[in-house]
Amino acid sequence: MSTISKKICLIGDFGVGKTSLIRRFVDRQFSDKYLSTVGVKISRKSLEIIDSQAGKNLILQLLIWDIEGSTKFKGVSASYFQGAKGAIIVGDVTRPESLENISEHIQAFTKVNPQGKTVIALNKSDLIDAEYLEKYRHIYSFSDNKSFVSTYASSAKTGKNVDEIFQSLANSMI
Amino acid sequence: MNDLTKNILSLRRIEYLIVNQHWKIIELSPKVNLLADNSQEVQLGKDIRIGFPELIGIEVIASDIISGKQNNFELKGVARTKKSLNPIYIDICIANNIKDNQYSNELLIVIEDVTEKMALEQSLVQGANEANLLLRTLTASKQYIDQIVTSMADALLVTTLSGKIKTINRTAQILLEYDEAEICGQSISSVLKEVDSWKEEIELRGNVQTPLFGPITPLVKEVETVCQTKTGKTIPVAFSCSKVQTEIEHFQGYVYILRDMTERKQAELAKQEFLAMISHEIRTPVAAVIGMGDILLNTDLSKQQEEFVETICNSGKALLEIINDILDFSKIESGKLEFEEEPFHLNSCIEEALSLLIPKATEKKLELIFHNNSEVPQVIVSDISRLRQILINLISNAIKFTDTGNIEVSVTSRERQMIGNEKDNHEIQFAIKDSGIGIPSNRINRLFKAFTQVNSSITRKYGGTGLGLVICKQLSELMGGKIWVESEENKGSTFYFTITARVVNTLLKQEWETQPEESHISIDATVAAKNPLKILLVEDYPTNQKMITLMLQQMGYQADIANNGLEALTALRRQSYDVVLMDMQMPEMDGMTATRYICQEWDISVRPRIIALTASAILKDKEDFLELGINDYLAKPFRIEQLMQVLAKCHIKQEEISKIKQSTHTEPCSQNYSTIDTAALQEIYRIANFNGGVDAKEFLIETIDDYLEETPHFLEDISAAFSENNFKSLQLLVHTLASSSATLGASKLAALCTQLEIMVVSEMQEEITEQIGKLEAEYKNVESALMEKREKY
């Protein structure tokens, strides 16, 4: 099986759970403790992809860039996005402002990577009722956007939809 | 790279690599591998991206830099985490390795350790983010609570510990007509006047320890009071209050919740008025039925007719009983039952109840036994009629459900532990035992519920509304006790109930002995012959008119009729009457208003005696009547004997005046009047003593002193008024003096005054002069006698 490496970024407001999602995905662990990420941290994880075109399986090594969260005072440096094939845009369902900023983040990413793919993670879904989740999923589905793949209600705490997010992004990047 | 550059870079701990366009390392600084992800892989000839994976993906940028399209590219703050160590951060800068001012195909990659800076940045960012999130949560929390408080349907006020208002919610603003800004800082007592007494209550209750929740702050719940609005309106409210105890003093104080009671009060008022109206509307025709029945019974009837009429009467009385029960029950339910507190003999009350039911018992050949208990207190302070009501109810039930044997009534008592301000120091237990059909054990719990009887066949066989026992329960509970039963089917039942009461040590005159018994005086025309009266009947209901007229006719009186207050006034203006029988609820001008007009228009000396006919048994109404100037009252339905008694009192004026007109030399002083009747003074003393807050001796001495001071002035005024021929004032003065003298026991003087009053009314000039002299003489006697008595106290 052939191995490819691809760079993906996790983008979103501060404290939405980007680092936690990665930790859950890569280390299968979760911690309630909040530690602000500064700069960027890169992790690796390999996934198996089914290449329907080539008719075989691939191993895709994801280079996951955990980028510091944007705040009012500091946006994210676009140089981090350079060469990324996909991005996971993360929002916190308990903080509406973080959801409103999702489209901004998508724009910033696709400006650097017009061909890039985006998956939206509405994180911390364990904290609100299922009925609201459906509502948010509808609102934050940018199906008219070329880069858009899917929107998921995720929870790094419970693990809900975490693997699915990375898998679907990986699949879309082939 | 030249040595100088290398040195400079080395000193600044900046590492570098030079790679070709295929990312292969051409040159590297000595310690650069320490900053790599995989230090082993950082070697000459190897792909730099193995050691520095962050360079993967910037191939396009790299070629742009090589071609000169882009100057440089930076990646700041790249973290490296080693398992057991703290992370290190590096800044990577890629530029063209320009040689001799020419772009080359090589890339210069400069790598700087910025760990210190990033660590600082991290703690800064961490702090800022956490604060931000905290603020968000707090704001949301506060908003949440504010919303709850604001949208409460009840008015909410929060005060400081000292009672200054801090916040009020929207409902409170609307209720009290204040803006929050206006009312903040004001004391809560400006809104709730009675609040301070309740605050003490809360403090007294202190911290309540509960097993489940630990210490909780106590609540004062649903206290009915009034609140003042900005515009001075008074609104009835129910308020609840609790204490807010947090650690921070700024956040301590009290929370008040006010509920607007206006609607509830209006509903209650409507219900009360409805009750009063029903009381009248139902009792009036029932009274007519009973009254007419009574009158019929007093006429010549055949045996059969007599039976029929008795049935009518009994049905009417039964109906009245039911109505009274319903009204009682309703009053108790709405909390409007008023209790009297009077001292009375306990045994008398019980014996009264028994004597009322002896006929029924005798009919069924049952014996009524009262077990007198000498240890039970003789005189208690309570509501005698309500106690009697319970006893009558229970004994009557016992009789109803017993076919053979006897019914025994017994009493016991014990002293109570008194808590706080309670005055009732005894608990008295009554037991009514019968040998009747008993109650099945599974039905006992239904006994004291409204509208239920043991089973429906009981209703058919024994009758009753099912309200009797529940009223007994309510009454005994209102009197501080409880009620219960022990029973065995076919053996009998014993009903127990308790009340709490204050025991008083004073012996009272046996009041019940003086109650008028059924009069055996014959009711015929001789009554009017002995006591001729001109009577005006003011009554709107035609049946009542007829009935009362008939009653009067039976006594030989011919009464005039007025349909309402207005007609009454017209009649009174046309001619004078001795007595006015005034119905209190009439259209156009009701009894109260009419009475008021009569009192205004005619002086007491020429005014007819006003007797109120009222269906109302409400205590307050009776007090109002007496205040208005009504001389007496008859509660509907009344019997002809009662009417006769009341009319018997209505002859003094006419009689006295006619007496005087008949003989010129009356010697009123031949009557045995003493100068000072000590019993009267003792009575004053006793009343003062009975009233807890007064020193009886002082009170009596004061009263005597007041009288001795005022009376000389009275006598002067009397002489003055007479010399001015001001008979109106003269009469008033003499009247007042008569009454005060009588109170002080100066009965002779009082009698002289009364005679003088009559003389004044009749304007008998000569006699008046003589009488005034007598008055002054007698007063001298009174004065010295009183001074003597005064010394004794």
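The values are calculated or read from the model by the stated rules, or taken from the named source; none is laboratory data. Nothing here was measured: the structure is a model prediction, and the numbers come from that model. Because the Cβ atoms are built from the backbone with ideal geometry, glycine has one as well, and the counts that use them run over all protein chains shown. The area values use the complete protein model at the heavy-atom level, side chains included, leaving out ligands, DNA and RNA. Shrake-Rupley method; radii C 1.70, N 1.55, O 1.52, S 1.80 Å.
Some observations on this one:
- From the options B:K76, B:K82, residue that is more than 9 Å from chain A (Cβ to nearest Cβ) and either in contact (Cβ under 8 Å) with a residue 40 or more places away in the chain or of a type in the set (K, R) (or both): B:K82
- Any hit, the range A:5-22, residues being in a strand (DSSP E or B), farther than 23 Å from A:S125 by Cα and without any contact (Cβ under 8 Å) to a residue 60 or more places away in the chain: yes
- Strands (runs of 3 or more DSSP E) fully within the range B:338-447 counting 2 or more residues that are touching a His at 6+ places or on another chain (Cβ under 6 Å): B:406-415
- In summary, B:V60 fulfils each of the numbered conditions (1) touching a residue at least 24 places away in the same chain (Cβ under 8 Å); (2) within 11 Å of chain A (Cβ to nearest Cβ); (3) open to solvent by 10 Å² or more (accessible area, probe 1.4 Å); (4) of a type in the set (A, V, I, L, M, F, W, C) with the single exception of condition (1).
- Where helices (runs of 4 or more DSSP H) sit wholly within the range B:107-186, those with at least 3 residues that are in contact with a strand residue (DSSP E or B) (Cβ under 8 Å, 6 or more places away or on another chain) occupy B:115-151, B:170-176.
- When we screen B:N101, B:N96 for residues that are in contact with a strand residue (DSSP E or B) (Cβ under 9 Å, 6 or more places away or on another chain) and away from chain A (no Cβ under 12 Å), the only hit is B:N96.
- The range A:72-103 - residue that is surrounded by fewer than 18 Cβ atoms within 10 Å (Cβ to Cβ) and among the acidic types (D, E) and, of those, farthest from A:M173 (Cα to Cα): A:E97
- Residue within the range B:42-52 that is more than 27 Å from A:C9 (Cβ to Cβ) and either open to solvent by 50 Å² or more (accessible area, probe 1.4 Å) or in contact (Cβ under 8 Å) with a residue 40 or more places away in the chain (or both) present: yes
- Of the numbered criteria (1) free of Cβ contacts under 8 Å to residues at least 60 places away in the same chain; (2) more than 14 Å from every other protein chain (Cβ to nearest Cβ); (3) not in a helix (DSSP H, G or I), the one A:R137 fails is (3).
- Residue satisfying all of: in the range B:332-350; more than 10 Å from B:Q378 (Cα to Cα) and among the aliphatic types (A, V, I, L, M); modelled with the highest pLDDT among these: B:I350
- Taking the range A:23-39 as the range and being open to solvent by less than 20 Å² (accessible area, probe 1.4 Å) and within 16 Å of A:T158 (Cβ to Cβ) as the test, only A:F25 passes.
- Listing of helices (runs of 4 or more DSSP H) fully contained in the range B:491-578 that carry 3 or more residues being under 30 Å from B:R596 (Cα atoms) and modelled with pLDDT of 80 or more: B:542-554, B:565-574
- Against the test of being more than 9 Å from chain B (Cβ to nearest Cβ), open to solvent by less than 50 Å² (accessible area, probe 1.4 Å) and either modelled with pLDDT of 90 or more or out of contact with any helix residue (DSSP H, G or I) (no Cβ under 9 Å at 6 or more places or on another chain) (or both), the options A:I42, A:I106, A:I49 yield a single qualifying residue, A:I106.
- All of (1) farther than 14 Å from B:T500 by Cα; (2) among the β-branched types (V, I, T); (3) surrounded by fewer than 20 Cβ atoms within 10 Å (Cβ to Cβ) hold for B:V379 with one exception: (1).
- Checking each residue in the range A:44-72 for being more than 15 Å from A:V90 (Cβ to Cβ) and either of a type in the set (G, A, S) or not in a strand (DSSP E or B) (or both) picks out A:S46, A:S52, A:Q53, A:A54, A:G55, A:K72.
- Cβ pairs under 7 Å, 6+ apart, first in the range B:769-793 and of a type in the set (A, V, I, L, M, F, W, C), second open to solvent by 40 Å² or more (accessible area, probe 1.4 Å) and at pLDDT 85 or above: B:I772/B:S719
- Each residue in the range B:659-709 was checked for being open to solvent by 100 Å² or more (accessible area, probe 1.4 Å) and modelled with pLDDT of 85 or more, and 1 of them qualify.
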